[in-house]
Amino acid sequence: MMAPVIRVDGTGADPCGGTVRIDWPKALWNAGMIAGTLAALAMATRQAVALFLVLTWASLLVGHSVGMHRMMIHRTFRAKPWVARTLIYVGTLVGVSGPSGIIRIHDTRDWAQREPRCHDFFAHRAGFWQDLAWNLFCRFDFTRPPRIVIEPAIAADPFFRFLDATWRWQQVPLALVLYAAGGWPFVLWGVCARVFVSTAGHWSVTWFCHNPGPGRWIVRGAGIQASNLPGLGLLTYGECWHNNHHAFPESARIGLEPGQTDPGWWVIRAMARLGWVSDVGAPRPEGAREDLEERGQDLPRRADLNPPRVPGSRRSR
Ligand SMILES: [Zn+2]
Ligand SMILES: [Zn+2]
């Protein structure tokens, strides 16, 4: 198994202190996708909607869940270079960010949630609609930010740097292909509606998974505990078993218990059989779980584990 990935240095950083501000490039991008989605609704055709469903599901499964999340962010398996590049390219087409951008978003939130307290922005403690608006239009400016160092294999790789610099433009070649294949309905459904639904869908899984719900494990000392969302395995590529993921980020498989459907894991297993990927990570053995506490399969999260933030409070360290 590969060594665990630690990119965040929280020395001197404050996960509570900072301000939520409008992020104009992000806000304009997502507002454009929402406008395009409304236009798509006005010119819906059966083929365009079918195309949207297939492209959205497949790109989130292969590009986001398997490629960016399980491979690139958590390094739960090793892939041949062409496989890694293909997966991360598809992940970029999801339209949320480029490779390094996604790592920063994920690792900042994950770091903040594993601290004893963190700002509502990272806790997803704000209400559903406010948190959605934050996610679509805003960023968090830390008073004292953590330091994030991304490994050279990604940060210095010319192809990944190119994707980071041009990730929004990567929709253009796809849009041209879609236009040639089916005109404006294909472009609006295949790009705008797909990017908006992917962004909002990804966020909604994040919101529910970091709010109270069932799950077997408690990560000791973490202010935010994760939940599983039963019944949503197929729809979320297995990412809904998020309580397992917080407990075992080293595991390529997220749906660990019987009945926890995990399409992302099916893809990884198939690629391993083809010889495309290796070093597939499993949950660490029983003797190496001092950071975990078992709380029983279906108990709701203890209310005191995600205490409401006291306005203006700072952690004392
Ligand atoms: Zn993760
Ligand atoms: Zn999480």
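The values are calculated or read from the model by the stated rules, or taken from the named source; none is laboratory data. Just so it is clear, the structure is predicted and the values come from calculations on it, not from any experiment. We place every Cβ from the backbone using ideal geometry, glycine too, and count neighbours over all the protein chains shown.
Criterion applied to 231, 213, 223 was being away from ligand 1 (no atom under 16 Å from the Cβ), surrounded by fewer than 19 Cβ atoms within 10 Å (Cβ to Cβ) and either more than 15 Å from the chain's Cα centre (by Cα) or closer than 21 Å to residue 95 by Cβ (or both), and the one residue passing it is 231.
When we screen 4, 15 for residues that are out of contact with any Gly (no Cβ under 9 Å at 6 or more places or on another chain) and not in a helix (DSSP H, G or I), the only hit is 4. When region 105-148 is limited to residues that are basic (Lys, Arg) and surrounded by fewer than 17 Cβ atoms within 10 Å (Cβ to Cβ), the one that is farthest from ligand 2 (Cβ to nearest atom) turns out to be 144.
The set of residues in region 134-160 that are within 21 Å of residue 68 (Cα to Cα) and of a type in the set (S, T, N, Q) contains only 135.
Taking into account only those residues within region 1-36 that are touching a His at 6+ places or on another chain (Cβ under 7 Å) and closer than 16 Å to residue 121 by Cα, which is surrounded by the most Cβ atoms within 10 Å (Cβ to Cβ)? This residue is 15. Number of residues in region 155-165 that are surrounded by 13 or more Cβ atoms within 10 Å (Cβ to Cβ) and more than 15 Å from residue 86 (Cβ to Cβ): the value is 3.
Out of 42, 13, one residue alone is farther than 17 Å from residue 105 by Cβ and either among the charged types (D, E, K, R) or modelled with pLDDT of 95 or more (or both). It is 42. Quick check on region 56-69. Is at least one of its residues closer than 20 Å to residue 273 by Cα, touching a strand residue (DSSP E or B) at 6+ places or on another chain (Cβ under 7 Å) and modelled with pLDDT of 95 or more? No, region 56-69 contains no residue that is closer than 20 Å to residue 273 by Cα, touching a strand residue (DSSP E or B) at 6+ places or on another chain (Cβ under 7 Å) and modelled with pLDDT of 95 or more.
Of the residues making up region 112-129, none is of a type in the set (A, V, I, L, M), more than 16 Å from ligand 1 (Cβ to nearest atom) and modelled with pLDDT of 95 or more. Counting only helices (runs of 4 or more DSSP H) wholly contained in region 58-134, the ones carrying 2 or more residues that are under 21 Å from residue 8 (Cβ atoms), under 15 Å from the mean Cα position of the chain (by Cα) and among the polar types (S, T, N, Q) occupy 99-114. Only residues that are more than 10 Å from ligand 1 (Cβ to nearest atom), over 14 Å from residue 96 (Cα atoms), of a type outside the set (A, V, I, L, M, F, W, C) and in contact (Cβ under 8 Å) with a residue 60 or more places away in the chain were counted in region 62-83, giving 3.
Evaluation of residue 35 against the conditions (1) assigned to a loop (DSSP other than H, G, I, E, B); (2) closer than 30 Å to residue 19 by Cβ; (3) small (Gly, Ala, Ser) shows that the sole unmet condition is (1). For beta carbons closer than 7 Å, sequence separation of 6+ or different chains, a first residue in region 196-221 that is among the charged types (D, E, K, R) and a second that is buried (at least 18 other Cβ atoms within 10 Å of the Cβ) and part of a helix (DSSP H, G or I), the qualifying pairs are 216/243. Tell me which residues, restricted to region 169-182, are loosely packed, with under 15 Cβ neighbours inside 10 Å and not in a helix (DSSP H, G or I). Residue satisfying the conditions is 169 alone. Under the condition of being within 19 Å of residue 211 (Cβ to Cβ) and among the hydrophobic types (A, V, I, L, M, F, W, C), the residues counted in region 233-269 number 5. The condition of being within 16 Å of ligand 1 (Cβ to nearest atom), over 18 Å from residue 236 (Cα atoms) and not aromatic (Phe, Trp, Tyr) does not hold for residue 23.
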